[in-house]
Amino acid sequence: MIRTCIAFLFALMLVPRDAQTQSTTNTLVVHADAGKDTISRFIYGQFAEHLGHGIYGGVWVGENSSIPNTRGIRNDVVAALRKIKVPAIRWPGGCFADEYHWKDGIGPRADRPKMVNSNWGGVTEDNSFGTHEFMDLCDQLGCEPVICGNVGSGTVKEMSEWVQYLTSDGDNPMTELRKKNGREKPWKVRFWGVGNENWGCGGIMSADFYSNEMARYSFALKNYGPEPLCKIASGGLQEDYNWTETIMKKWHGEDGWLQGYLGGYSLHYYTVSDWDKKGSATDFGEKDWFVTLSHTLRMDEIVQKHSAIMDKYDPQKRIGLVVDEWGDWFNVEPGTNPGFLYQQNTLRDAMVAAINLNIFHSHCDRVKMANIAQMVNVLQSMILTKGDQLVLTPTYYVFKMYTVHQDAVMLPVDLRSDSCTDGVNSLPALSASASRDKEGRIHISIANLDPAKAQNIRCELKGDAGSKVSGEIITAAAINAYNDFGKPEDVNIKPFSGASLAKGILTVALPAKSIVTLEVK
Ligand code: AHR
């Protein structure tokens, strides 16, 4: 007996660590016959702020740039973003939104006033990327704009005129001004953020004060187009449930005045282990991997608790929870401007993206939009640029692999997962979600959070036996692997052959630190 055990241990030592598997206690039941809520494509939204090289250099290079562009917007960035089917972009901030005056960003570029971007590095903002340029970007991407208006230092008049400028075709001064600036027809702009983080950089307001402001602004923003505007109230900080309660109470009201005037309520939650010591984006070990993932998993509880308050006032779920800033936040890359929030992006970021998207899927009855921070060159980006070069990050590839879930019907899952630990933090080894697309195909995304061990999963497809399975995988040799300029993009989507299907049971062997999406037909 002892000999057998020693032989087993010895054999185990010969197997590479990331190929060692747990015994199959992991089970996943996909309720293929019970889908009812749709995973809104807007969960895959992006956030692009006038911050560092998020816009200037990353998106906007100007018409005279040697970098190939269409009317000043980088062609390579547009081509890459089209492949991940960006459904919406939130702009112009962030904190920048509450110091932005939109009229400074229209008309001939040479005449536009300059300003100091006081939130982000104190650099000069020359307003060359303004309303028309942003709308052009959305048109080139085929996505919808989400405009965050200025409540902190703006006025109701200013924001309501912006709505008129963009969406009205009537006889009024703003329509006239738009036409004078070369745009005859109004644009379609449904989504309007009523301020940003108004408890902080958006005006240091109390929940009560903001709820009154939000009411004033919401009433003043008029519907000019065929579709009503979806106004998004600015939310509290992370788990500030009192803020949510105050806004929802105001919206519900005794008299119901505000019902119909609000379509969304915003939540910001960043994955940060310690705001004073955020840590390096690339130079980290297993301990940091566990700490980061345990923070990101908190998104589930935070969404649940905000949703529970919203359910009290809005059981019909007319107001969407809009997670319009999320993602991880590490130290800036050494030698870069601390105000520019430029960070690299590793397999750990890919894991963070997959976990959060799985969480949003599972709450898609309430979470109607999410915008990862941020699209290019800032925080957890899809794309990094350097001059005319471009790198697609591991996060980008998760968004690409997950496009199959956009506007698909969420299939509830029951996951029983082993845990993994570094001796201090313990995490569920797996995170999963599933959906059925319009063609009837089932997609199951599973992430193995364990940095060292493979996991076997027995997955039952309830109500649909399927006949064929195929898959794709994102993984790397090291937890801190990343894609860099001038090198092949090693953290990428590859074919996956570790799943087999027999009589409605999928057997999956998921390598350590990997994210897989299976397709069952
Ligand atoms: O995404 C960077 C900043 O984080 C945003 O401007 C602000 O809203 C948040 O605090």
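Observations
- Residue identified as more than 22 Å from the chain's Cα centre (by Cα) and of a type outside the set (F, W, Y) among G72, G45: G72
- Residue in region 188-201 that is open to solvent by 30 Å² or more (accessible area, probe 1.4 Å), under 29 Å from D76 (Cα atoms), modelled with pLDDT of 95 or more and within 21 Å of the chain's Cα centre (by Cα) present: yes
- Some residue of region 58-67 being within 16 Å of the ligand (Cβ to nearest atom) and of a type outside the set (V, I, T): yes
- Whichever residue in region 247-272 is on the phi < 0 side of the Ramachandran plot and open to solvent by 50 Å² or more (accessible area, probe 1.4 Å) and, among such residues, is nearest to the chain's Cα centre (by Cα): Y261
- Residues that are outside any loop (DSSP other than H, G, I, E, B) and open to solvent by 10 Å² or more (accessible area, probe 1.4 Å) within region 232-241 comprise L237, Y241, listed in sequence order.
- The residues of region 59-77 that are of a type in the set (A, V, I, L, M) and either surrounded by fewer than 19 Cβ atoms within 10 Å (Cβ to Cβ) or farther than 28 Å from N492 by Cβ (or both) amount to a single one, I67.
- Residues satisfying the stated conditions in region 352-386, i.e. within 15 Å of the ligand (Cβ to nearest atom) and assigned to a strand (DSSP E or B): A370, N371, I372, A373, V376
- For region 207-219, the count of residues that are at pLDDT 95 or above, hydroxyl-bearing (S, T, Y) and surrounded by fewer than 16 Cβ atoms within 10 Å (Cβ to Cβ) is zero.
- Enumeration of residues in region 324-335 that are touching a residue at least 24 places away in the same chain (Cβ under 8 Å) and either within 15 Å of the ligand (Cβ to nearest atom) or not in a loop (DSSP other than H, G, I, E, B) (or both): D324, E325, W326, G327, D328, W329, F330, N331
- Taking residues in region 431-454 that are under 16 Å from M351 (Cα atoms), and partners anywhere that are among the basic types (K, R) and modelled with pLDDT under 95, the pairs with Cβ atoms closer than 9 Å and at least 6 places apart or on different chains are A452/R17; K453/R17.
- Some residue of region 102-114 being within 11 Å of the ligand (Cβ to nearest atom) and open to solvent by 20 Å² or more (accessible area, probe 1.4 Å): no
- Only one entry of T175, T244 meets the criterion of being surrounded by 14 or more Cβ atoms within 10 Å (Cβ to Cβ), among the polar types (S, T, N, Q), touching a residue at least 24 places away in the same chain (Cβ under 8 Å) and away from the ligand (no atom under 16 Å from the Cβ), and that entry is T244.
- Residue match in region 357-380 (condition: of a type in the set (S, T, Y) and open to solvent by less than 10 Å² (accessible area, probe 1.4 Å)): no
- Strands (runs of 3 or more DSSP E) contained in region 437-478 and holding at least 2 residues surrounded by 16 or more Cβ atoms within 10 Å (Cβ to Cβ) and in contact with a helix residue (DSSP H, G or I) (Cβ under 8 Å, 6 or more places away or on another chain): 442-448, 469-474
- Members of region 89-101 found to be surrounded by 17 or more Cβ atoms within 10 Å (Cβ to Cβ) and outside any strand (DSSP E or B), listed by number: P92, G93, G94, C95, F96, A97, D98, E99, Y100
The values are calculated or read from the model by the stated rules, or taken from the named source; none is laboratory data. Predicted model, so just to flag it, every value in this text is computed and none were measured. Note that each Cβ is placed from the backbone with ideal geometry, even for glycine, and that neighbours are counted across all protein chains shown. Keep in mind that these areas ignore ligands, DNA and RNA; they rest on the heavy atoms of the full protein, side chains included. Shrake-Rupley method; radii C 1.70, N 1.55, O 1.52, S 1.80 Å.
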